[in-house]
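All remarks here apply to the structure that follows.
The values are calculated or read from the model by the stated rules, or taken from the named source; none is laboratory data. Values in this document were obtained by computation on a predicted structure and should not be read as measured data. Counting neighbours? That spans all protein chains shown, and the Cβs are built from the backbone with ideal geometry, glycine included.
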Amino acid sequence: MSTVTFAVVGAGGIARRKTIPGMLQADNIRLGAVMDVEGAAEIAAEFGVPRACTSLDQVLADRDIQAVYIATPVYLHRAQVEACAAAGKHVLCEKPLALTPAETQKAVAACRQAGVFLQEGYMMRFHGAHQAIRGIIAAGRLGRIVSMRAQLSCWYPPIEGAWRQKPALGGGGALIDMATHLYDLLQVFAGPIRRVVALTGHLVQDYPSEDAATTLLEFANGAQATVDTFFCVPDDASRSRLEIYGSRGSVLSEGTVGQSRGGTLEGILDLGDASYDAAQNKDVERGFRPIPFAAADPYTAECSYLADCILRGTPPTENDGDNALRIAHVTELAYASARDGRVRVV
């Protein structure tokens, strides 16, 4: 067997825009069915998928389906993950895996008990630039990581029926929807988060979920980071910057954080010990150079990764159940900190 047959549950939205096109580029995936409560037949026809379903039960009854990608609203995730696990289907579920840590634990436990693989959809770690950064850090070319900043903002005005704008349906707003992506990504670079403090707010948009969130993180190795995420910054006004500073250099990117496969990456690496520069002329050219990276589709890469794990019979280590539990816990602590202003220890 050289391919894994997937079904997509919740085939509109991000699945239609990004993940289905990404899956179709993977040479180890066959897309066997799409399911949505509306428009499934149209989506199947658009992508040449052989079967359109209107219920999860139809998908799970199909013996040819080996894995299910879930891209429904968050409040549906836990029950759908559990149903897939009970039917013996491997699962790739969009983030966050569930509304709360308790629900996340149930979803993870269901997959473990059923012996199926589980992967959470934090695809940004698969971006070519971020893979290049991982290699640079692993090679010691930045030295000790000391500071990071990650930015992800968009203009998300009130939209009728938008579940992300209702905490009961999505778990919250800018923090759980966007900051969690960056919690995951920064942990790839610096290891586990140790302490967290957060601010959230309702600054511009008039809906129940927060439209503003800034998080300060400390990692187990002592590195510090800020994560700023807003639903109230115009898209053209935000460059989605990622900055990583170490004792031997830094790497800076624009446009690599988000749903794209492109962007730019530059850095200054392999700096040795130097004496103190009393002049501190920061307008001097410091030797930053472009860093090339593979322009791989991160959605293709994350789906292909799970398919490869299934074909090899090896559980995923990228975005697995343990990672889902850690991110859910950090998210809960961030919201708690935003409510009372206290620093939380993870």
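Residue-by-condition table, conditions (1) surrounded by fewer than 21 Cβ atoms within 10 Å (Cβ to Cβ); (2) at pLDDT below 95; (3) under 25 Å from the mean Cα position of the chain (by Cα):
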{"residue": "A41", "(1), (2), (3)": "yes, no, no"}
{"residue": "R51", "(1), (2), (3)": "yes, no, no"}
{"residue": "L56", "(1), (2), (3)": "no, no, yes"}
{"residue": "A61", "(1), (2), (3)": "yes, no, no"}
{"residue": "I65", "(1), (2), (3)": "no, no, yes"}
{"residue": "L76", "(1), (2), (3)": "yes, no, yes"}
Check your understanding: Cβ-Cβ below 8 Å, separation at least six or inter-chain, first residue in the range 75-87 and assigned by TED's automatic domain parsing to the domain that holds V8 and hydroxyl-bearing (S, T, Y), second part of a helix (DSSP H, G or I) and modelled with pLDDT of 95 or more: which pairs?
Key -> Y75/W163; Y75/A168; Y75/L169; Y75/G170
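One line per residue, one yes/no per condition, for (1) within 19 Å of V146 (Cα to Cα); (2) among the small types (G, A, S):
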residue: A213; (1), (2): no, yes
residue: A220; (1), (2): yes, yes
residue: L269; (1), (2): yes, no
residue: R289; (1), (2): no, no
residue: A294; (1), (2): no, yes
Revision key, fill the gap. Note on the range 326-343: residues among the aliphatic types (A, V, I, L, M) and buried (at least 17 other Cβ atoms within 10 Å of the Cβ) are I327, A328, V330, L333, A334, A338
**Study point:** Any hit, the range 45-66, residues being of a type in the set (A, V, I, L, M), touching a Pro at 6+ places or on another chain (Cβ under 9 Å) and over 30 Å from A174 (Cβ atoms)
**Key:** no
Review point. Hey, among the residues in the range 184-208 that are under 30 Å from L142 (Cα atoms) and among the charged types (D, E, K, R), which one's surrounded by the fewest Cβ atoms within 10 Å (Cβ to Cβ)?
Key: R194
